[in-house]
């Protein structure tokens with residue numbers, strides 16, 4: 001591994017935890033990336049690092065305003081005329097802290113070892129997809145790994161609706177073969193995946209002055225597992241936003257309630273693990289409302305005793321003195337929308353037994369100057385069913401009446417269709433059997449990745465995904481099995497060698 005002076009200086013500070021972890025050349029770059037700001041929309045620090053890396057090695061590279069970066073490397077001896085291979089991963093990560101943890105993500109994350117697992121201290125790890133970027137950097141850095149010409153595409157804002165994948169200039173690419181490293185299971189080769197689209201519903205607050213003499217209370221939901229809105233949606237975990245809607249509905253059925261603000265979740269593609277509301281009650285009715293909330297809270301804990309055993313629901317007096325609250329009509333509309341939005345798995349995939357086909361995740365709720373924004377992400381292997389759920393969300397907003405609006409936000413990401421004649425898949429299967437000593441599982445996944453954006457725009461693109469065992473993505477429990485990475489790295493190198501023709 002050839003390191004520039006700048007990298008050697010950085011490595012002294014950064015390579016403290018993973019210095020002796022195999023594959024060392026990959027873990028070096030993963031730790032370097034982990035010391036940099038990589039939250040979605042803040043990829044510049046990581047893109048600067050990649051650009052400096054490429055420049056130090058004399059590699060052609062292209063960077064755009066979104067912070068997408070493409071690095072090209074010629075084929076090694078004997079592979080100069082081999083067909084080019086596109087490699088793909090994304091620079092950004094979901095940035096989420098554990099409850100009670102305050103962390104400055106501008107300084108990266110703090111890594112720690114836990115047996116065969118690599119974790120971050122109190123935050124998401126960012127192996128999704130920092131590990132994929134580290135694999136590419138190790139290949140670009142190598143002088144002894146046989147490979148065809150490489151076009152390494154590192155996209156930005158993947159976790160924020162695949163903005164980078166949609167905006168990257170594919171005219172800069174010549175390859176018709178592609179390997180994606182944004183996958184999470186070693187035993188599988190990815191051969192297809194779903195698409196997704198996001199929807200935001202805006203509910204006007206119709207702000208009004210708070211009534212005099214009311215007491216403020218804060219409802220909090222926490223302790224939930226949360227997780228990835230695609231990989232974990234079938235576990236039937238509690239959605240904190242939905243649970244909060246049920247609690248508010250029960251309170252409002254018991255007595256008049258003023259709502260000052262609501263919140264829930266961290267990102268639209270993350271199952272929300274926390275939610276909160278600030279409400280105001282008349283002193284003479286507070287006990288009845290609190291009792292009603294506690295009764296329903298006990299029911300919720302019983303409902304989710306298996307899927308979310310650590311659910312915590314608290315209601316406590318608050319010193320907050322809001323200057324304005326939702327009008328009674330707006331509050332009713334808000335709760336109506338919270339409870340009518342579909343959440344979770346909607347249809348099963350009858351083409352791929354054991355897979356769910358379509359799901360919706362109510363992922364984010366924030367109180368704004370105008371009112372409340374609720375954002376959800378619909379994922380499906382079938383575009384028409386994805387659009388059917390989107391239309392359902394639009395109709396719910398329409399039926400809720402004046403002051404409620406729904407609109408598609410971001411991109412309508414297409415699915416990556418399964419190609420049973422894929423030569424890349426055949427090559428990767430042979431390498432997998434040779435290196436791993438067993439046959440891989442071939443997966444058409446329920447998740448939505450950027451791959452459809454490439455396969456739809458590059459005619460004839462032959463694509464597969466290679467993964468490493470990652471766990472609890474998009475949550476502070478996220479971890480990487482570094483023993484898995486040590487097994488997958490020889491597989492990647494063998495696939496590179498096999499791509500001569």
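Derivation of every value follows stated rules applied to the coordinates shown; laboratory data play no part. Every value quoted in this text rests on a predicted model; they were computed, and no experiment measured them. A quick note on method: Cβ atoms are made from the backbone with ideal geometry, for glycine too, and the neighbour counts reach across all protein chains shown.
Quick look at the values:
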item: Cα gyration tensor shape for the stretch 279-384, rounded if a/c is under 1.5, else prolate or oblate; result: oblate
item: Residue list for the stretch 464-489, given a label point 7 angstrom along the Cα-to-Cβ vector of residue 113 and an amide N cut-off under 13 Å; result: 482-483
item: Relative intensity, log₁₀ I(q)/I(0), of the stretch 70-165 from a Debye sum that treats every alpha carbon as a point, q = 0.24, 0.25 Å⁻¹; result: -1.17, -1.22
item: Rule-of-thumb Rg ratio for the stretch 134-267 [Cα; 2.2 N^0.38 Å; N residues]; result: 1.67
item: Estimated translational D of the stretch 129-200 in µm²/s (Stokes, Kirkwood radius over Cα pairs; 10 °C; 1.306 mPa s); result: 110 µm²/s
item: Helix-only mean residue ellipticity at 222 nm for the chain, each DSSP H run of n ≥ 4 adding -39500 (n - 2.57), per residue, nearest 500; result: -10000 deg cm²/dmol
item: Order of 380, 40 - criterion: other Cβ atoms within 10 Å of each residue's Cβ, fewest first; result: 40, 380
item: Cα gyration tensor shape of the stretch 237-334, rounded if a/c is under 1.5, else prolate or oblate by comparing a/b with b/c; result: oblate
item: For the stretch 5-173, share of DSSP beta bridges that run antiparallel, in % to the nearest 5; result: 65 percent
item: The chain: relative contact order in percent, alpha carbon pairs under 8 Å with at least 6 residues between; result: 23 percent
item: Residue 172 paired with residue 48, simple spin-label distance in nm, labels 7 Å along Cα-to-beta-carbon; result: 1.9 nm
item: Full-stretch length increase - residue 423, residue 255 - with 0.36 nm per residue and alpha-carbon distance subtracted; result: 54.0 nm
item: Degrees separating the helix 44-56 axis from the principal Cα axis of the chain, which is the longest one; result: 10 degrees
item: Nearest 10 degrees, 0 to 90: helix 283-303 Cα axis against the chain principal axis; result: 40 degrees
item: Distance between modelled label sites at residue 456 and residue 438, nm, 7 Å Cα→Cβ extension; result: 3.6 nm
item: Pairwise centroid distance, computed over Cα atoms, of the stretch 368-445 with the stretch 13-49, Å; result: 29 Å
item: At 0.692 mPa s and 37 °C, Stokes diffusion of the stretch 5-173 via Kirkwood alpha-carbon radius, µm² per second; result: 200 µm²/s
item: Highest-first arrangement of 203-216, 86-99, where packing means the average Cβ count within 10 Å; result: 86-99, 203-216
item: Dimensionless Rg ratio for the stretch 316-438, taking C-alpha atoms and the 2.2 N^0.38 Å reference; result: 1.58
item: Solution diffusion estimate, µm²/s, Stokes-Einstein, the chain, Kirkwood Rh from C-alpha pairs, 25 °C, viscosity 0.890 mPa s; result: 102 µm²/s
item: For the stretch 36-96, Kirkwood radius (reciprocal of mean inverse C-alpha pair distance, Å); result: 13.0 Å
item: Estimated inter-spin distance, residue 318 and residue 41, nm [label 7 Å along Cα→Cβ]; result: 2.3 nm
item: Residue exposure sequence - 394, 365 - by fewest surrounding Cβ within 10 Å; result: 394, 365
item: Cβ-derived FRET efficiency at R0 25 Å, residue 106 paired with residue 55, nearest 0.05; result: 0.60
item: Alpha-carbon centroids, the stretch 273-293 and the stretch 233-256: separation in whole Å; result: 13 Å
item: Sorted peptide list for 107-117, 334-344, 239-249, criterion being average Cβ within 10 angstrom, highest first; result: 239-249, 334-344, 107-117
item: Antiparallel bridge percentage (DSSP; both residues within the chain; nearest 5); result: 80 percent
item: Packing-based exposure ordering (other Cβ within 10 Å, fewest first) of 311, 154; result: 311, 154
item: Model label zone, residue 284; criterion: amide N under 14 Å from point 7 Å along Cα-to-beta-carbon; scope the stretch 246-267; result: 255-256
item: Two-decimal Rg/Rh across the stretch 197-413, once Rg and the Kirkwood Rh are taken from alpha-carbon atoms; result: 0.98
